[in-house]
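See below for the structure under consideration.
All of the numbers you see were taken from the coordinates with simple rules; none came from a lab. Worth saying up front: this structure is predicted, and the values here are computed from it rather than measured. Reconstructed Cβ throughout: ideal geometry from the backbone, glycine too, with neighbour counts over all protein chains shown.
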Amino acid sequence: MSETIQAIRGMSDVLPAEALRWEQFEQTVREWLRDYGYRNIRMPIVEKTELFVRSIGEVTDIVEKEMYTFVDQLNGESLTLRPEGTASCVRAVLQHNLLYSGPQRLFYTGPMFRHERPQKGRYRQFHQVGVEALGFPGPDVDAEHMVMCARLWPRLGLDGIELEINTLGSAECRARYRARLVNYLESRIDELDEDSKRRLHSNPLRVLDSKNPAMQAIIEAAPRLYDDLDEESLRHFEQLQSILRALDVSFTINARLVRGLDYYNHTVFEWTTGRLGAQAAVCAGGRYDGLIAQLGGKPAPGCGFAMGVERLLALQEESKVPVVDPHPLDAYVVHAGASTELFAWHVADRLRERGLAMLLHCGGGSLKSQMRKADASGARFAIVVGESEAANEQVGVKPLRELAEQMTVSVQSAGDVLLAARQQTR
């Protein structure tokens with residue numbers, strides 16, 4: 001007997017019982033995004049490798065180490081499974097000229113792929129909800145994204161998620177700071193790890209993003225970008241803070257927060273928790289005003305964020321947030337007797353046409369065994385079709401979750417009973 005094939009390490013199945021939590025989460029998030037006027041956009045999973053090299057940055061962990069890249073056998077083109085969604089979203093906006101009609105508020109959901117060592121909260125295939133606001137230059141949209149998240153956490157039943165913010169300033173500010181940072185790091189080059197030495201001249205800000213414990217004292221003593229900010233950058237950051245304070249959104253300024261992608265400028269932020277071990281960030285983003293031009297479009301501002309679905313679901317489980325089936329069964333249809341099966345099909349179809357969720361028993365078996373399955377299904381009622389009911393075009397309606405007698409009624413009346421019961425539970 002051959003060995004069964006297993007899923008790829010770091011790419012997990014979501015089984016039906018787990019999927020209920022995913023569905024509940026997704027429904028909450030869709031309603032939340034609708035409340036803020038964001039519209040759905042869906043991009044392909046596979047993109048040209050060049051898209052991510054140009055946007056994320058060639059000297060980043062993602063591009064250097066983590067992307068799933070392969071050569072298309074038909075045309076020799078280098079392709080990559082998307083490691084994040086912002087570059088794909090901006091590419092789609094440019095390709096389809098969406099900014100022609102004005103600024104856009106967009107969101108997307110789906111799998112991303114990074115080839116890294118799997119651990120709790122960090123997988124090779126992981127899922128994100130991404131939110132992008134394109135064409136908005138001011139700090140008001142930066143603040144909107146943070147306020148949105150602050151209002152989402154209670155909807156998801158979560159607390160203890162804290163906001164950290166920082167500013168990277170304009171491109172000119174970063175250039176001045178870069179020179180000071182390089183001078184400082186060169187003065188301590190013998191203490192740098194190999195990754196930091198490699199990035200010293202190609203991308204020195206990435207050194208500040210190092211998670212190596214041996215680097216933390218060096219990073220803490222490094223020059224602060226805040227000292228190189230111009231008036232416009234300071235004003236943008238101060239206005240952002242004013243809005244957050246006015247809306248009672250608590251935050252901490254983290255001067256070492258730089259994010260791991262090259263396209264950010266001005267505002268960057270992370271929502272973090274101490275309840276998931278090493279994977280503290282559950283949501284992060286910022287402003288990327290140069291990315292649209294970098295990808296070949298007419299210069300336009302942008303701002304966005306992404307949240308890790310698996311990490312937020314893990315936090316819900318840790319917080320014991322209850323799972324409620326967003327689409328519970330209204331009834332399980334059982335049938336017994338040679339003449340009942342086709343009528344049972346007819347009954348289930350008619351009730352589904354009224355918007356009711358019906359599970360029709362398949363596979364035969366005695367009425368007693370079918371009723372056991374009806375009870376195990378979680379449905380509130382069983383619809384019973386026997387030979388006498390079928391002959392009279394009626395059904396039995398039997399409550400499964402409360403002490404009440406079975407009633408025999410028309411199919412139309414059965415639908416009325418189920419709809420009234422559903423309304424009572426809302």
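Hey, could you get me the Stokes-Einstein D for region 155-221, Kirkwood radius over alpha-carbon pairs, 10 °C and 1.306 mPa s, rounded to whole µm² s⁻¹? Using the Kirkwood radius from Cα pairs, D works out to 116 µm²/s.
Between 0 and 90 degrees, the angle of helix 411-424 with respect to the longest Cα principal axis of the chain falls at about 40 degrees.
In terms of its alpha-carbon gyration tensor, region 331-421 comes out rounded; the largest-to-smallest axis ratio a/c stays below the 1.5 threshold. Taking Cα atoms only, the orientation of helix 367-376 departs from the longest principal axis of the chain by about 30 degrees.
Summing +1 for each Lys or Arg and -1 for each Asp or Glu, what net charge is found among the other residues whose Cβ lies under 15 Å from the Cβ of Arg176? Don't jump to the answer; show the numbers that get you there.
Details: positive: Arg174, Arg178, Arg180, Arg224; negative: Glu172, Asp227, Asp228, Asp230, Glu231, Glu232.
Net charge in that neighbourhood comes out at -2.
Bridge orientation summary for region 331-421: considering DSSP beta bridges with both residues in this region, about 50 percent are antiparallel. Within region 1-45, report the trypsin sites (Lys or Arg not before Pro) that DSSP leaves as loop and that have at most 15 other Cβ atoms within 10 Å. Of the trypsin sites (Lys or Arg not before Pro), the ones in loops of region 1-45 whose Cβ has at most 15 other Cβ atoms within 10 Å are Arg9, Arg42. Which of rounded, prolate, oblate describes region 51-102, given a ≥ b ≥ c as roots of the alpha-carbon gyration tensor eigenvalues and a/c under 1.5 marking rounded, otherwise prolate only if a/b is larger than b/c? It is oblate, given that a/c is not under 1.5 and a/b is not larger than b/c.
Among DSSP bridges having both ends in region 1-122, what percentage is antiparallel? Round to the nearest 5.
Details: 8 of 10 bridges.
Around 80 percent of the beta bridges assigned by DSSP in region 1-122 are antiparallel ones.
State the three equivalent ellipsoid semi-axes of the chain, derived from the C-alpha gyration tensor as the square roots of 5 times its eigenvalues, in descending order and whole Å.
Values: eigenvalues 565, 112, 87 Å².
One finds semi-axes of 53, 24, 21 Å for the chain.
Going from the fewest other Cβ atoms within 10 Å to the most, the residues Cys173, Cys362 appear in the order Cys362, Cys173. Selection among Val258, Ala293, Gly110 by position relative to the dipole of the chain gives Gly110 as farthest towards the positive end (Cβ unit charges, Cα centre).
Helical runs assigned H by DSSP (4 residues or longer) give the chain a calculated mean residue ellipticity at 222 nm of -11000 deg cm²/dmol, each run adding -39500 (n - 2.57) before division by the residue total.
Cross-linked pairs Lys120/Lys211; Lys320/Lys373; Lys368/Lys398; Lys65/Lys298: Cα-Cα separations exceed 19 Å for Lys320/Lys373; Lys65/Lys298.
With a/c under 1.5 counting as rounded, go ahead and sort region 258-348 into rounded, prolate or oblate using the C-alpha gyration tensor (a ≥ b ≥ c being the square roots of the eigenvalues; past the cut-off, prolate if a/b is larger than b/c, else oblate). Judged from the Cα gyration tensor, region 258-348 comes out oblate (a/c at least 1.5, b/c at or above a/b).
Rounded to the nearest 20 debye, the dipole size of region 167-234 about its Cα centre is 200 debye, using +1 on the Cβ of Lys and Arg and -1 on the Cβ of Asp and Glu.
Beta bridges per DSSP, both residues in the chain: antiparallel share near 80 percent. So what's the net charge close to Pro399: Lys and Arg +1, Asp and Glu -1, counting the other residues with Cβ under 10 Å from its Cβ? Once all neighbours under 10 Å are counted, the net charge is +1. Relative to the longest principal axis of the Cα atoms of the chain, helix 86-95 runs at roughly 90 degrees. Cα centroids of region 84-149 and region 261-327: 8 Å apart.
If you build the Cα gyration tensor of region 12-141 and take the root of 5 times each eigenvalue, what three semi-axes come out, in whole angstrom, biggest first?
Numbers: eigenvalues 126, 108, 37 Å².
For region 12-141, the semi-axes come out at 25, 23, 14 Å.
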